[in-house]
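Take a look at the structure set out below.
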Amino acid sequence: MIASSQQSIYKGINFQLAPFSGVDTRARLRFQAALLDRGIELEQAVTQEDEHHFLIIREKPFRIEITLAWPNAPLAHLAILGPHGAHDGEGFEREAEAIIQAFNDVWHDPRRQIVSCDATVRDLFESSCEHAFQELWERRLKQPPQSLDVFGRPVLGGGLRFVMPSLQDGTESCQIEVKIESFLRDTKKIFVETQFVWLQAHVGPMNPSERLKAVDDYVEQRVIPFILGEDNGHDV
């Protein structure tokens with residue numbers, strides 16, 4: 001069963017924020033102290049920095065990368081990434097919330113707007129076919145395998161990409177992009193990337209775990225049924 005084989009390999013959330021005046025050495029050290037106070041373990045963490053950017057990489061209990069950049073102050077970019085999928089359950093979401101709390105502990109500004117935000121989740125699923133592209137091309141799209149002969153050589157992989165616009169329905173809207181592909185490093189697996197992009201500037205809480213949950217729910221309720229060819233009560 002595709003859904004039961006789901007393996008998260010990446011989670012990330014990015015914020016564009018304004019106003020933001022920049023970071024000096026004291027503020028950076030206060031931020032690291034605030035991360036510790038909020039329960040983010042920084043033992044053996046690596047810090048890289050320059051005039052308009054710093055990066056904290058923490059490897060254990062799972063890799064997490066925190067980037068704060070301000071090359072175009074008063075606009076700043078805050079990114080929290082879990083790039084290698086070692087996190088499980090809701091561990092990444094909990095740490096993202098703690099990181100945002102630590103950020104606000106140091107750089108609290110009631111005027112600050114979230115200019116934009118994007119949240120991305122990448123998952124792998126076991127195909128029920130010998131090759132994941134066969135699952136998508138023949139089973140989902142009902143296409144005969146010989147129709148690919150026009151390319152004149154074997155197809156190693158491929159997939160689908162969907163971009164859905166924001167809906168102005170009275171709630172905070174977002175653009176959605178979904179990629180469903182065979183995973184070239186292991187062609188038995190289906191690779192799915194789902195990204196939500198919020199482009200409406202507003203003042204308010206960042207809510208990283210809520211945003212990431214919205215992406216996860218969309219994968220479960222919309223993307224997986226699409227792969228399986230089930231509408232599940234939705235128009236897919």
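For this structure, a couple of remarks:
- Per-region count, the stretch 2-27, residues farther than 26 Å from Arg211 by Cα and either free of Cβ contacts under 8 Å to residues at least 12 places away in the same chain or part of a helix (DSSP H, G or I) (or both): 4
- The stretch 177-198, subset among the hydroxyl-bearing types (Ser, Thr, Tyr) and surrounded by 18 or more Cβ atoms within 10 Å (Cβ to Cβ), residue nearest to Val155 (Cα to Cα): Ser182
- Scope the stretch 72-112; condition free of Cβ contacts under 8 Å to residues at least 40 places away in the same chain and in a strand (DSSP E or B); matching residues: Asn72
- From the options Lys60, Lys142, residue that is among the basic types (Lys, Arg), within 24 Å of Lys11 (Cα to Cα) and either out of contact with any Pro (no Cβ under 9 Å at 6 or more places or on another chain) or in the same structural domain as Glu230 (by TED's automatic domain parsing) (or both): Lys60
- Filtered residues of the stretch 113-168 (kept if of a type in the set (Gly, Ala, Ser), touching a residue at least 40 places away in the same chain (Cβ under 8 Å) and closer than 16 Å to Phe226 by Cβ): Ser127, Ser128, Ala132
- Any hit, the stretch 38-47, residues being surrounded by fewer than 18 Cβ atoms within 10 Å (Cβ to Cβ), assigned to a helix (DSSP H, G or I), in contact (Cβ under 8 Å) with a residue 60 or more places away in the chain and over 15 Å from the mean Cα position of the chain (by Cα): no
- Yes/no for Phe162 being of a type in the set (Phe, Trp, Tyr) and either exposed (fewer than 15 other Cβ atoms within 10 Å of the Cβ) or touching a His at 6+ places or on another chain (Cβ under 6 Å) (or both): yes
- Checking each residue in the stretch 135-158 for being surrounded by fewer than 18 Cβ atoms within 10 Å (Cβ to Cβ) and within 11 Å of Ser182 (Cβ to Cβ) picks out Val155, Leu156, Gly157, Gly158.
- Every residue from the stretch 52-84 that is over 16 Å from Arg28 (Cβ atoms) and in contact with a Phe, Trp or Tyr (Cβ under 6 Å, 6 or more places away or on another chain): Pro74, Gly82, Pro83
- Yes/no for Gln44 being over 25 Å from Leu199 (Cα atoms) and not basic (Lys, Arg): yes
- Within the stretch 120-140, being modelled with pLDDT of 95 or more and either over 27 Å from the mean Cα position of the chain (by Cα) or among the polar types (S, T, N, Q) (or both) holds for one residue alone: Thr120.
- First in the stretch 188-201 and within 12 Å of Ala132 (Cα to Cα), second anywhere and in a loop (DSSP other than H, G, I, E, B), Cβ under 6 Å, 6 or more apart: Lys188/Ser127; Lys189/Phe183; Ile190/Ser127; Phe191/Phe183
The values are calculated or read from the model by the stated rules, or taken from the named source; none is laboratory data. This one's a predicted model, so the numbers in the text were calculated from it and none came from an experiment. Note that we place each Cβ from the backbone using ideal geometry, even for glycine, and neighbour counts take in every protein chain shown.
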